[in-house]
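For reference, the structure discussed in these notes is given below.
Bear in mind that the values in this text are calculations on the coordinates, not laboratory data. Please read these numbers as outputs of a predicted model, since none were measured by experiment. Cβ sites come from the backbone with ideal geometry, for glycine too, and all protein chains shown count toward neighbours.
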Amino acid sequence: MHKKKYNFKGGIDYSSLKKEQSNETVKNFLSFPKKFIIFIKHSLLQKNQLRVRINQKVLRGQPLSFGSETIVPVHSPASGYIKNISFFSFSENKSNEYIKIVIISDGEDKWIKLHPIKNYKKHTPEKLIRIIHKSGIIGLGGGKFPSSQKLKLSINKVHTLVINAVESEPFVTSDDCLFNNYLNEILVGCKIISWISKIKLVLIVVQENKTEIISKISSLIHNQLLFKLCLISNKYPGGSSKILIKALTDKEIPYKKHAIDIGFLVFNVATVYSIKRAVFNGEPLTERIVTFLGDKNFFHGNFWVKIGTPISYFLMHFKIQAYSDINIYLGGMLMGNKVFDLNNSTLQGQNCIFITSNKLINKKYTEYACIRCGFCSKACPINLLPQQLYWYIQSKEHDQTNKHHILDCIECKVCEQLCPSNIPLVKYFKYEKKIQHNINIENNRRNLSLVRFEKKQKRLFFNKKIFSKDDLFLKSNPILRINDFNSKKIEKTLNSFEIEENKKNKRKEIIQQAINRMKLKNK
Amino acid sequence: MLAILFFGTLSFVLGVILSYTANKFRTEIDPIVEKINRLLPQSQCGQCNYPGCYSYAKAIIKKNEKINKCTPGGSELELKISKLLNFKTSLKTTVINEKKIFYTVWIDEKNCVGCSKCASFCPVDAIVGTPGFVHTVLQKFCNGCNICLSHCPTDCIKKKIFYE
Ligand code: SF4
Ligand code: SF4
Ligand code: SF4
Ligand code: SF4
């Protein structure tokens, strides 16, 4: 057995903070909700065609949409019938449009016919990837990148598989819970993945304080050459693949590159588990473990939750009535997004729902001026300079922020937590990222216009060449010439050797006239 | 002695070849003009009274043209060019507005008579159609220069806000 400890720069140690840890066993007493709401991202460019109609009967695991190369299909979480299909966009983010499907369950929970594959080595990697794509598996750690796509890219490119069991957020234990209860299945999942992309080494990364899990894993893998256990220091944030690779190998992933490009395939534990379920049991992705975090009055723990369960159902189930007193966050304490719309439901990428009462969070913080103490730059796990970025954002120097790699920021909020002046740094960074995005679009548009303009000029130039041959023809036919053109001008053109130059001037004149006309019209 | 002679002639011949090729395939593009051209919005709208962005950029360098003539670029562009050319512009006169509205156009296809005038004037070939048939705008390529607007005899081309 191999145990090695890794560390990364920066970050905050949350272990001293004594908060009630959600424990690591799964509770499964949640009964089925009657109503499921499923959101499928809709974009005009990438068609995500539906496979169901209103009032149609569906079984659990039946695909609702076709999916495409880059989009995986979404499956029905329960048997029942489709009540409604409509377009929808959340009030907090109007620009993303979703297809909203409401499913009323009949309570029987009947599966469609499954096709389990017991001996995966009999099948080609391509077929297994197709099965994984059909089962609708995406990165369950929050990345939401289709796993089949990742696997397809990784073939013949990677040498090591990294299993990421490091929980990004403090107090979230859904991954530990999976490890504790389904360890054997996860190891099978690792083997399937390493068979698909021909990997000889699997690194399992766990935080160092999870002693129980470490002893369990090491007793299971102690004479298997394929697996290796790595421990990472117990700090926030460790779950991002950028930081993980940096800690393990001391290599940095450049912006817009992926871990695959330097030979590492990173998968979240939950994703590995669902890949195993998809291949070995033939089950599409319909449920996942979600951690509930709350104050003492609310509920606590890890639950198997079906994808598409509405948030309001949980509130009903746990008898939380006064909506005005609580804040609900999707995602953990630090990186989560506040929910304004109770229509929201648990989707594939969510591993935590965090509920607090208003009183705790509503402390009034005043933002003071930055005192250049440098706490933020010391703590940033990916070596950015948050204070410098903050100054550049304030003075609107967008090219400087780009040069200082603002787009690499993973929005972990470590810098914000440590800032003595209570500056909401990440808020500024998010805003600046949006501006950078717009600048990017603008630059692309500009380049496209330039290329198309040049192409058009070239084409016109070519046409003119043919035209100038006609000019010579006109010269030999004087009658035609008088009818069609001003004869003086044509003679001038033919006398000079610069026919092309003159044609250019002509075009300039035409455009000038057009501009004048436009101006007149606009007046 | 022989070696010196040999390498001397060899380097001379190579030098001649190099200078000849450099002369023959000389790039005509003025690097500063090209840089300014890259800064300009490339909508070829002609509001600066030049037929295109490149000729305006050339005029700035060659004919001492003012740098504040580009309307779509606005004062932000003015600031950028002055930074590039080391001009002094007082910040008071330039107002930087972050919010910009981008227009594209669309053709009301019911009224299009297929005269094909718009397509021949579009500088970036964003309008497709053949004479005698309905024309349409490829919104992805349209840069909102509005040149086509004044050429349509039936007035069926309209502005449309693309994004803000
Ligand atoms: S921690 Fe806050 S006050 Fe200190 S340098 Fe960073 S931004 Fe400024
Ligand atoms: S939020 Fe961004 S800048 Fe701040 S510590 Fe995290 S990665 Fe660094
Ligand atoms: S379609 Fe009209 S507005 Fe758009 S680029 Fe062409 S001429 Fe300009
Ligand atoms: S100018 Fe107007 S009528 Fe003529 S083809 Fe274009 S849109 Fe149609």
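Table for the structure above
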| item | result |
| --- | --- |
| Charge dipole (debye, nearest 20) of region B:101-163; +1 at Cβ of Lys and Arg, -1 at Cβ of Asp and Glu | 120 |
| Listed residue (B:Cys115, B:Gly132, B:Cys142) projecting farthest to the positive dipole end of region B:101-163, Cβ model | B:Cys142 |
| Dipole magnitude of region B:31-90 about its Cα centre (Cβ charges: Lys, Arg +1; Asp, Glu -1), debye to nearest 20 | 180 |
| Region A:126-270: C-alpha gyration tensor shape, a/c 1.5 cut-off, then a/b vs b/c | rounded |
| Charge tally in the Cβ shell below 11 Å around A:Ser148, where Lys, Arg are +1 and Asp, Glu are -1, A:Ser148 excluded | +2 |
| Net charge of neighbours whose Cβ lies under 15 Å from the Cβ of A:Glu252, counting Lys and Arg as +1 and Asp and Glu as -1 | +3 |
| Averaged over B:109-122, number of beta-carbon atoms from partner chains that fall within 10 Å | 1 |
| Global geometry of chain B, whether rounded, prolate or oblate, following the gyration tensor of its Cα atoms and the 1.5 cut on a/c | oblate |
| Mean ellipticity per residue at 222 nm, deg cm²/dmol - from DSSP H runs of n ≥ 4 across chain B, formula -39500 (n - 2.57) | -11000 deg cm²/dmol |
| Ascending count of other beta-carbon atoms within 10 Å, so fewest first, for A:Thr160, A:Thr401, A:Thr366, B:Thr130 | A:Thr366, B:Thr130, A:Thr160, A:Thr401 |
| Cβ-isolated cysteines (cut-off 4.7 Å), chain B | B:Cys48, B:Cys53, B:Cys70, B:Cys112, B:Cys115, B:Cys122, B:Cys142, B:Cys152, B:Cys156 |
| Under Karplus coefficients 6.51, -1.76 and 1.60, residue-wise ³J(HN,Hα) of region A:171-181 in Hz, glycine/proline x | 6, 8, 10, 5, 6, 4, 4, 4, 4, 4, 9 |
| Fewest-first ranking of B:His135, A:His123, A:His222, using other Cβ atoms within 10 Å as the exposure measure | A:His222, A:His123, B:His135 |
| Estimated dipole of chain B in Debye, rounded to 20 [Cβ of Lys and Arg +1, of Asp and Glu -1, Cα centre] | 420 |
| Inter-chain shielding of A:439-446 (mean C-beta neighbours from other protein chains, 10 Å cut-off) | 3 |
| Cα shape, region A:341-440, gyration tensor, a/c 1.5 rule | oblate |
| Unit charges at the beta carbon, dipole of region A:57-110: most positive-side option, A:Ser68, A:Phe88, A:Gly107 | A:Gly107 |
| Average other protein chain Cβ within 10 Å of Cβ, residues B:148-156 | 2 |
